[in-house]
Amino acid sequence: MRRLDQLLSSLGYCSRREAVSVVKAGRVRQNDVVLTKADAKVDPHAITLDGEPLEAPDGLLAMLHKPVGYICTHSDGEGPTIYELLPDQWLRRNPAVTSVGRLDKDTSGLLLVTDIGSLVHRFTSPKADVEKVYLAELDRELDPQLVEIFARGDLMLRGEDKPCLPAKLEIVSAKTARLTITEGRYHQVRRMFASQGWHVEKLHRERFGPHVLGDLAEGGWRMIPVEQAAR
Ligand code: URA
């Protein structure tokens, strides 16, 4: 059970103060009975506001198809951010939604966003072992030897003291490859190819753990049922 005004404000609908007038206006029901008190203890799943169930009362998880040119930051001034592509209400939630890890400005594809702190940790901790699948377009023809080089688990990136974990490279066409990694080091995919003399011209993430981008339109988002995300 949750206090109604706190519930509405934590889900980004209104401030706790505004909740008083929202409730007074008869807009909130529990099991179809109009509520009259903003401090009532309620079951979040039995509440409707203006006839609609509350959005993601147990925490929100969604996938975004990040376009190239957007940055993964909450601070402004550095160009368009991924948060501009999401509903304002998600940013008014407390805690606000945040991305699960980041993609570079020049990378497109699947990015998870959530307000569930434990999920962010689960998916991004160094021990997480979550597969991330990228499609990379290179500046020149790929060498099949890269498959073995990336798979060995001894690839050192400049400035680091531990080799990358084994990664799976699949050559898709002369200059296109699909790379599966389980770590999330800074600019990892670009730096892995750079270490062998290739430049990544385009990078796109197709999959993050069990979540696949599929046909989600660029710039679009889709909710993921939280039960499905193994909390
Ligand atoms: N590797 C990169 O180089 N960039 C990304 O955005 C993600 C992985």
Only four residue types carry charge here, +1 at the Cβ of Lys and Arg and -1 at the Cβ of Asp and Glu. Report the dipole size of the chain about the Cα centre in Debye, rounded to the nearest 20. 620
Whenever you get a sec, compute what percent of the accessible area on segment 129-231 sits on carbon and sulfur atoms (1.4 Å probe). 50
Where only protein heavy atoms count, and the probe is 1.4 Å, what is the accessible area per residue for the chain in Å²? 53
Whole-Å semi-axes of the chain's equivalent ellipsoid, largest first, each the root of 5 times a Cα gyration tensor eigenvalue? 43, 16, 14
What is the calculated FRET efficiency for Gln6 to Ala151, with r their C-beta to C-beta distance and R₀ = 35 Å, to the nearest 0.05? 0.10
Run down the lysines and flag those whose C-alpha is under 17 Å from the C-alpha of Lys66, throwing out any fewer than 8 positions away in its chain. Lys105, Lys132, Lys202
With the dipole of the chain defined by +1 on each Lys or Arg Cβ and -1 on each Asp or Glu Cβ, the option from Gln145, Gly51, Val200 whose Cα lies farthest towards the positive pole is Gly51
Solvent exposure ordering (accessible area, 1.4 Å, most first) of Glu170, Glu227, Glu84: Glu227, Glu84, Glu170
Candidate lysines for bridging to Lys41, where Cα separation is under 26 Å - those fewer than 8 sequence places away on the same chain excluded: Lys24
State the Cα centre-to-centre distance between segment 101-156 and segment 1-68 in whole Å. 37
About its Cα centre, what dipole magnitude does segment 176-231 give when the only charges are +1 on Lys and Arg Cβ and -1 on Asp and Glu Cβ, stated in debye to the nearest 20? 200
Cα lying deepest toward the dipole's positive end in the chain, options Thr36, Pro67, Ala217, charges on Cβ: Thr36
Any idea what the dipole of segment 2-53 comes to, in debye rounded to 20, about its Cα centre with Lys/Arg Cβ at +1 and Asp/Glu Cβ at -1? 220
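The values are calculated or read from the model by the stated rules, or taken from the named source; none is laboratory data. Values in this document were obtained by computation on a predicted structure and should not be read as measured data. Because the Cβ atoms are built from the backbone with ideal geometry, glycine has one as well, and the counts that use them run over all protein chains shown. With ligands, DNA and RNA removed, areas are computed over all heavy atoms of the protein, side chains included. Shrake-Rupley method; radii C 1.70, N 1.55, O 1.52, S 1.80 Å.
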